[in-house]
Amino acid sequence: MQPQFEEKRFALRMALRLPIVVSGRTEDGAAWSEPTETDDISTLGALFQLNQSISEGETLYIRSHRPDGVPVEVKAKVARVGASSYGTSRVGVSIIESKDNWLRLFVAWIADDNVVEGIEE
């Protein structure tokens, strides 16, 4: 007998406070944009908090920068939305375009983090 809920996440995940700007459209089509930071990122997505009201399945755009300053913008689909502190929502997204750019961002921050750790030791 298989469990009713099967964990689908299998990507490498890292706790990282990465500044991002999330944007999308409200139900009536109005554009919105909100700066926030990630709670963690993975090779396939991210988890962060938003004040904006959103729903599972919605499309969002995420902008950030690699440690070398190169800008990265990706398209993401909301995989889950949960309650968080102070009325915000905790949002989990999976990257749908460009996965290569997101993977480069992820790898760049891991490499940068490891370099910093190596210097401090």
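Of the conditions (1) surrounded by fewer than 18 Cβ atoms within 10 Å (Cβ to Cβ); (2) touching a helix residue (DSSP H, G or I) at 6+ places or on another chain (Cβ under 9 Å), TYR86 clears all except one; give me its number.
TYR86 satisfies every listed condition except (2).
Say we look at segment 67-92 and pick out the residues that are outside any strand (DSSP E or B) and within 16 Å of VAL22 (Cβ to Cβ); which of these is modelled with the highest pLDDT?
From segment 67-92, those outside any strand (DSSP E or B) are 67-70, 84-88; that's our starting set.
Now narrow it down to the ones that are within 16 Å of VAL22 (Cβ to Cβ): 84, 88.
On the way: SER84: 83, THR88: 88.
By that ranking, first place goes to THR88.
Can you tell me how many residues within segment 30-60 are part of a loop (DSSP other than H, G, I, E, B), under 12 Å from the mean Cα position of the chain (by Cα) and surrounded by fewer than 18 Cβ atoms within 10 Å (Cβ to Cβ)? Even if it seems obvious, please write down each step before you answer.
Going residue by residue through segment 30-60, those that are part of a loop (DSSP other than H, G, I, E, B) are 30, 43-44, 51-58.
Okay, now just the ones that are also under 12 Å from the mean Cα position of the chain (by Cα), so 43-44.
Now narrow it down to the ones that are surrounded by fewer than 18 Cβ atoms within 10 Å (Cβ to Cβ): 43.
Residues flagged as part of a loop (DSSP other than H, G, I, E, B), under 12 Å from the mean Cα position of the chain (by Cα) and surrounded by fewer than 18 Cβ atoms within 10 Å (Cβ to Cβ) within segment 30-60 amount to 1.
Tally the residues that are at pLDDT below 95 and polar (S, T, N, Q), restricting the search to segment 52-66.
Total meeting the criteria: 3.
For the list (1) closer than 13 Å to PHE106 by Cβ; (2) modelled with pLDDT under 95, I need the number of the one condition that ILE95 fails.
The failed condition is (2).
Output the residues belonging to segment 98-114 that are surrounded by 11 or more Cβ atoms within 10 Å (Cβ to Cβ), part of a helix (DSSP H, G or I) and either in contact with a strand residue (DSSP E or B) (Cβ under 7 Å, 6 or more places away or on another chain) or at pLDDT below 75 (or both). First the steps, then the outcome.
Going through segment 98-114, the residues surrounded by 11 or more Cβ atoms within 10 Å (Cβ to Cβ) turn out to be 98-99, 101-113.
So of that shortlist, the ones also part of a helix (DSSP H, G or I) come out as 99, 101-113.
Passing the criteria: ASN101, TRP102, LEU105, PHE106, ILE110, ASP112, ASP113.
The values are calculated or read from the model by the stated rules, or taken from the named source; none is laboratory data. Quantities reported herein were computed from a predicted structural model and do not represent experimental measurements. Heads up, the Cβs are rebuilt from the backbone with ideal geometry, glycines too, and the neighbour counts pull from every protein chain shown.
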